[in-house]
């Protein structure tokens, strides 16, 4: 709250109350978190109203230059006169260095009696305008910040001039308070930001397990950066391998988005510089441009930052630059800005993440790290009893592991999917001319439901259209010639050998034209049949489950056999599609054979949990085991696909296609030791026999 404005004796009442109210508005605004331009717009407007001035302006110091921040009615003054701008700027600089508010009469009013007796006014300042200038410097803590300038009509009384000076001085102080408040807010926000970074550093360094560290990095970084998705990749030689993606529990390494991101990260690491883009690949190296366009065509990110993570404590004696450990990618899907705040957060998160990733990778590569890590957390090893008691306990434990039976589950990961699911392919090359999906979707819903045979989109094949036009033209020409020839044959004379010969030649030509017309008609029917394939229809009733299919296909060229979209019957039966490691599939086949020998209608049972709802278990029954293993890709191990039918139909309403699951297939019972150590036993067998 500002102090009440001292009022001259001859200016009191309602007018000065209005002045105080307008100044109080500026004072209230100075304490809020408004922008600089908005604040000074209110200050200049209220100053003109409060003092009945001709104009008002605020100039802020940038380096050694005063920049006009905001003005009200400045065009009505001579300050905008190009011939006087230099002198006006010098006046403002001198008045700002003077440090106190002052009144300067126009040149013709330098001896104005209204300013007589105001000895504190500087006499070395020259007013180049035709107005009475009231100037109030905006003083910061260490240096001037700018100046408030009021343009008044000359000839005011001495008391009015003192009132002008006091009002401008108050406005200048309010402007200085406004800047101080902004500076304090910036310092608080910066302190809060560094506190958040400190918390982030503590969390990402809380574990030395690589998977847990990567998962913490991406999820905490997404929150701290304020983006939609963060990915973390590990650099392995000349390739990059995805470690974690924010919001995703299980990575599908065969997904196109994962593969293209790994390719893009590899190109960025080879380039040695971070990639900051809003979708425009112009000016980038051709290798990065190609990889970037491939990735953006899949994910449609508006803003993308891909920054290499380099070791922060490199050996100073080692030659060359610091080693690149990984790559951090941050994406925004709705925001196209690359502001300084976004860059600062990504770079700072990258530095902290590099340290945590370096520690985790260093320990992960140690021999027997998993065992050592477990032993380090097992405190009872430090309190072993006597040797005899230990031997007895060990023997009892071995016997228990051999004798005690336990359920033998085989774990696999996969996803849920509807049984009736079809991928719609393009039957011909062409360009998408019209998408009927827009008309199928209601204004309130985001889903697109279709029925069997319903039109989905129309393609346009320009070469096919040209060929149809050409064949139709040739057929029309041949038909016209045939009709003309048949008319001539009706009236052709045959009273001489020459006439008979001409008749026979014309008849032969007619037969040839008939064959040509027939051939062209067949060809045209074939082309028209191909043209009907340009209309793509739904193979079944259901819902379009392809993400953003309109943005993906609209006005795009497609090739024959290209997958356009996926349609699934979400109301029908659902299955769980698992990938069981090939080395474990033998247990499933043995138990399945045992069950079906006892009861041909029985099959393996499994329990699974949704990644989105890990606390609830659901049941399913195996209905099919693939006869062959999937070919491994990159670091994935061979796996066999197992399909299971849901036993709980009420779960269907809460499912979404592709939802990740983790399942355990019940494979009978085995000794407790074998259940716990079967992976180790299988590895030992491999070492011994091969």
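Derivation of every value follows stated rules applied to the coordinates shown; laboratory data play no part. The structure displayed is predicted, hence computed values, not measured ones. All Cβ positions, even for glycine, are placed from backbone atoms using ideal geometry, and neighbour counts span all protein chains on display.
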**Request:** Please report how far the C-alpha centroid of segment 225-246 lies from that of segment 580-624, rounded to the nearest whole angstrom.
**Result:** 33
**Request:** Enter the angle in degrees (range 0 to 90, nearest 10) between the Cα long axis of helix 14-30 and the first principal axis of the Cα atoms of the chain, meaning the one along which they spread out most.
**Result:** 40
**Complete:** Per the rule of 0.36 nm per residue minus the C-alpha distance, extending residue 403 to residue 189 adds in nm 70.7 nm
**Complete:** To the nearest 0.05, the calculated FRET efficiency linking residue 686 and residue 425 through their beta-carbon distance, R0 being 51 Å, is 0.75
**Asked** So what are segment 174-233's ellipsoid semi-axes, whole angstrom, largest first, if each one is the square root of 5 times an eigenvalue of the alpha-carbon gyration tensor?
**Response** 35, 13, 5
**Asked** So for 662, 448, 147, fewest C-beta neighbours within 10 Å to most, what's the order?
**Response** 662, 448, 147
**Fill in**
A student applying the Cα gyration tensor rule (rounded when a/c is under 1.5; otherwise prolate if a/b is larger than b/c, oblate if not) would label segment 574-689 prolate
**Message:** I'm a student and want to see the number: the projected area of the Cα convex hull of the chain, averaged over all directions, in nm².
**Reply:** 64.4
**Asked** What is the extension gain from residue 84 to residue 560, computed as 0.36 nm multiplied by their sequence separation minus the C-alpha to C-alpha distance, in nm to one decimal?
**Response** 164.2 nm
**Request:** Can you tell me the 0 to 90 degree angle between the C-alpha axis of helix 158-204 and the longest principal axis of the chain, rounded to 10?
**Result:** 30
**Request:** For residue 197 and residue 519, calculate 0.36 nm times their separation in residues minus their Cα-Cα distance, and state this gained length in nm to one decimal.
**Result:** 108.2 nm
**Prompt:** Exposure proxy check: 100, 421 ranked by fewest other beta carbons within 10 Å?
**Reply:** 100, 421
**Fill in**
Checking rank on 243-251, 463-471, 128-136, with mean other Cβ inside 10 Å and highest first, the result is 128-136, 243-251, 463-471
**Message:** Using the Kirkwood formula on the Cα atoms of segment 415-546, what hydrodynamic radius do you get, in angstrom to one decimal?
**Reply:** 19.2
**Request:** Quick one: check the C-alpha center-to-center distance for segment 332-347 versus segment 506-568, whole angstrom.
**Result:** 46
**Prompt:** Roughly what angle does helix 462-490 make with the longest principal axis of the chain, taking Cα atoms, 0 to 90 degrees, to the nearest 10?
**Reply:** 60
**Request:** Determine, from the Cβ-Cβ distance of residue 648 and residue 552 and an R0 of 30 Å, the FRET efficiency 1/(1 + (r/R0)^6), rounded to the nearest 0.05.
**Result:** 0.35
**Prompt:** Say each of residue 488 and residue 33 gets a label point 7 Å from the Cα, pointing the same way as Cα to Cβ; how far apart are those two points in nm?
**Reply:** 9.3
**Prompt:** Mind ordering 532-539, 281-288 by average Cβ neighbours within 10 Å, highest first?
**Reply:** 532-539, 281-288
**Message:** Neighbour counts of other C-beta atoms within 10 Å: give me 333, 39, 689, 151 arranged from fewest to most.
**Reply:** 689, 333, 39, 151
**Prompt:** residue 362 to residue 636: FRET efficiency via 1/(1 + (r/R0)^6), r the Cβ-Cβ distance, R0 22 Å, to the nearest 0.05?
**Reply:** 0.30
**Prompt:** Sorted by packing (mean other beta-carbon atoms within 10 Å per residue), highest first, where do 188-199, 424-435 land?
**Reply:** 424-435, 188-199
**Complete:** For the pair residue 582 and residue 616, the simple spin-label estimate (label points 7 Å beyond Cα toward Cβ) gives in nm 3.7
**Prompt:** So for the pair residue 395, residue 24, with labels modelled 7 Å out along Cα→Cβ, what separation do we get in nm?
**Reply:** 9.5
**Message:** For segment 37-62 and segment 268-282, what is the centre-to-centre distance using only Cα atoms, to the nearest Å?
**Reply:** 45
